[in-house]
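**Q** Before I ask anything, let me first share the structure, which is written out below as structure tokens.
The values are calculated or read from the model by the stated rules, or taken from the named source; none is laboratory data. Note that this is a predicted model, so its numbers are computed, not measured. Here the Cβ positions follow ideal geometry from the backbone for every residue, glycine too, while neighbour counts run over all protein chains shown. Areas reflect the complete protein model, heavy atoms only, side chains present, ligands, DNA and RNA absent. Shrake-Rupley method; radii C 1.70, N 1.55, O 1.52, S 1.80 Å.
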Amino acid sequence: MEVLNVRVLMALLVSFAVTALLGRVVIPWLRAMKAGQSIKEIGPIWHKDKEGTPTMGGIMFIGGIIAAVFTAGLPELQKGSYGGVIVLLLAIIYGLIGFFDDFMKVKHHQNEGLTASQKFLLQLAAAIVVILLLRNTGYLTSDLYLPFFNTTLQVPWSLYMIFASFVIVGTVNAVNITDGVDGLASNVTEPVVIFMMLIAILWHRTELAVFAAAVSGGLWGFLIYNRHPAKVFMGDTGSLFLGGAVAGLAFGLDIPLALVFMGVVYIAETMSDIIQVAYFKATHGKRIFRMAPLHHHFEMGGWNEERVVRVFTLVSLIGCLLAFAGVIGRY
């Protein structure tokens with residue numbers, strides 16, 4: 001256990017340091033590339049001040065996380081424990097999808113990149129490949145663990161594949177939707193990855209604990225530059241990577257239903273968007289929320305960005321505590 005804790009701490013510190021140092025190089029490079037964020041006209045008018053802030057900053061913590069996984073996690077790789085690398089692979093694939101999307105936006109100087117169908121097909125293919133890798137390496141079963149009931153539900157593999165693909169793609173896009181206020185996605189995701197790091201430590205899943213710690217450290221390093229007022233945005237590069245990391249860890253630990261609790265903010269943000277659009281169409285122009293997704297609703301109600309981040313992070317923390325209580329009795 002002591003060796004495990006040292007590796008976890010090492011992963012966190014390496015990721016933090018590399019991310020923080022990369023910020024000194026990447027942000028000026030993004031400015032030189034004129035990789036500035038375009039702000040939608042339909043968004044809060046005060047967000048127009050953010051126009052031109054460098055985006056694609058997720059490159060910073062992706063670099064930090066990769067460095068940490070292949071240093072602190074090297075002993076586990078040498079033993080043939082590839083779970084952390086498989087989850088990292090999933091996150092990187094989604095990060096690449098996001099990078100291409102960001103690049104298209106920057107190139108054409110607009111807030112639209114890949115089409116929705118292009119994103120969905122690429123994300124679905126990535127999910128299927130990594131689900132198969134996790135299953136074939138013994139990390140994933142088709143027995144669905146039910147939090148709080150301490151039992152599993154046997155699911156046919158074909159049905160489980162559909163479920164898992166839906167959850168992974170849904171989680172990735174939910175994290176992406178949450179990334180709309182300075183520091184929000186990073187702060188909300190911190191309790192989530194710390195929760196999964198602690199679970200992985202308790203269950204002696206060193207390679208996954210190292211990866212979760214690397215994500216945590218990378219986010220802390222990124223927040224040096226991303227907290228309000230943000231000097232850089234993570235872009236789809238970062239938010240899709242984070243979504244892949246969260247979903248990959250949940251399936252790597254074989255506790256995907258815990259996402260209902262630890263991902264409560266992601267779910268609320270996504271559902272507010274879905275409800276708003278559906279209600280708007282059904283009522284020919286009426287709205288339930290002042291603006292969707294949910295963080296904009298509170299902004300329009302007078303909350304500043306710092307308050308939104310504090311409250312949403314607290315809700316995320318409470319959800320993670322519930323998730324911890326729900327799965328702790330599994331092993």
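**Q** Run down Ile162, Ile199, Ile168 and say which single residue is farther than 28 Å from Thr55 by Cβ and open to solvent by less than 10 Å² (accessible area, probe 1.4 Å).
**A** Step by step, each of Ile162, Ile199, Ile168 is checked, and only Ile199 is farther than 28 Å from Thr55 by Cβ and open to solvent by less than 10 Å² (accessible area, probe 1.4 Å).
**Q** Search the range 60-73 for residues being among the hydrophobic types (A, V, I, L, M, F, W, C) and in a loop (DSSP other than H, G, I, E, B), and hand back the single one that is surrounded by the most Cβ atoms within 10 Å (Cβ to Cβ).
**A** Here the answer is Ala72.
**Q** In addition: Considering only residues that are in contact with a Leu (Cβ under 9 Å, 6 or more places away or on another chain) and either at pLDDT 95 or above or surrounded by 24 or more Cβ atoms within 10 Å (Cβ to Cβ) (or both), which ones fall in the range 74-96?
**A** Gly83, Gly84, Val85, Ile86, Val87, Leu89, Leu90, Ala91, Ile93, Tyr94, Gly95, Leu96
**Q** Could you check, for the range 298-310, whether at least one of its residues is within 25 Å of Met196 (Cβ to Cβ), open to solvent by 10 Å² or more (accessible area, probe 1.4 Å) and at pLDDT 95 or above?
**A** Looking through the range 298-310, at least one residue is within 25 Å of Met196 (Cβ to Cβ), open to solvent by 10 Å² or more (accessible area, probe 1.4 Å) and at pLDDT 95 or above.
**Q** Taking the range 172-190, which residues are in a helix (DSSP H, G or I), open to solvent by 20 Å² or more (accessible area, probe 1.4 Å) and of a type outside the set (A, V, I, L, M, F, W, C)?
**A** Passing the criteria: Asn173, Asn176, Asn187.
**Q** Now for a separate question. Looking at the range 286-307, I want the residues that are over 20 Å from Tyr266 (Cβ atoms) and have a partner that is among the basic types (Lys, Arg) and open to solvent by 70 Å² or more (accessible area, probe 1.4 Å) with Cβ atoms under 7 Å, at least 6 apart or on another chain. Which pairs are those?
**A** Met300/Arg290; Gly301/Arg290
**Q** Restricting the range 69-84 to residues that are out of contact with any Phe, Trp or Tyr (no Cβ under 8 Å at 6 or more places or on another chain) and touching a residue at least 40 places away in the same chain (Cβ under 8 Å), which is nearest to Phe251 (Cα to Cα)?
**A** Tyr82
**Q** Does Phe100 satisfy being within 20 Å of Lys34 (Cβ to Cβ) and open to solvent by 70 Å² or more (accessible area, probe 1.4 Å)?
**A** So Phe100 fits the description; yes.
**Q** Can you find a residue in the range 110-126 that is of a type in the set (Gly, Ala, Ser), touching a residue at least 60 places away in the same chain (Cβ under 8 Å) and open to solvent by 10 Å² or more (accessible area, probe 1.4 Å)?
**A** Checking the range 110-126: at least one residue is of a type in the set (Gly, Ala, Ser), touching a residue at least 60 places away in the same chain (Cβ under 8 Å) and open to solvent by 10 Å² or more (accessible area, probe 1.4 Å).
**Q** I would also like to ask the following. Residue by residue through the range 238-255, note down the ones that are in contact with a helix residue (DSSP H, G or I) (Cβ under 8 Å, 6 or more places away or on another chain) and farther than 20 Å from Ala185 by Cα.
**A** Hits for the range 238-255 are Phe251, Gly252, Leu253, Ile255.
**Q** When only residues in the range 1-26 that are modelled with pLDDT under 95 and assigned to a helix (DSSP H, G or I) count, which is most open to solvent (accessible area, probe 1.4 Å)?
**A** Among them, the one singled out is Glu2.
**Q** What helices (runs of 4 or more DSSP H) completely inside the range 261-331 contain at least 2 residues that are closer than 25 Å to Pro191 by Cα and of a type in the set (Val, Ile, Thr)?
**A** Answer list for the range 261-331: 264-282, 305-327.
**Q** Say we look at the range 54-112 and pick out the residues that are polar (S, T, N, Q) and more than 21 Å from Leu22 (Cβ to Cβ); which of these is farthest from the chain's Cα centre (by Cα)?
**A** Filtering the range 54-112 for residues that are polar (S, T, N, Q) and more than 21 Å from Leu22 (Cβ to Cβ), the one farthest from the chain's Cα centre (by Cα) comes out as Gln78.
**Q** Return the total of residues in the range 207-238 being in a helix (DSSP H, G or I) and surrounded by fewer than 24 Cβ atoms within 10 Å (Cβ to Cβ).
**A** Number satisfying all stated conditions: 4.
**Q** Next question. With Ser142, Ser186 as the choices, which residue is in contact with a helix residue (DSSP H, G or I) (Cβ under 8 Å, 6 or more places away or on another chain), among the small types (Gly, Ala, Ser) and at pLDDT below 95?
**A** It is Ser142.
**Q** Looking at (1) polar (S, T, N, Q); (2) farther than 30 Å from Phe298 by Cβ; (3) assigned to a helix (DSSP H, G or I); (4) modelled with pLDDT of 90 or more, which one does Gln123 not meet, given that it meets all the others?
**A** Only one criterion is unmet by Gln123, namely (2).
**Q** Here's a follow-up. Among the residues of the range 126-151, which ones are of a type outside the set (Gly, Ala, Ser) and in a helix (DSSP H, G or I)?
**A** Result: Ile128, Val129, Val130, Ile131, Leu132, Leu133, Leu134, Arg135, Asn136.
**Q** Right, next: Looking only at the range 245-262, decide whether some residue is open to solvent by 10 Å² or more (accessible area, probe 1.4 Å) and of a type in the set (Gly, Ala, Ser).
**A** Within the range 245-262 (the criterion being open to solvent by 10 Å² or more (accessible area, probe 1.4 Å) and of a type in the set (Gly, Ala, Ser)), the answer is no, since none of the residues qualifies.
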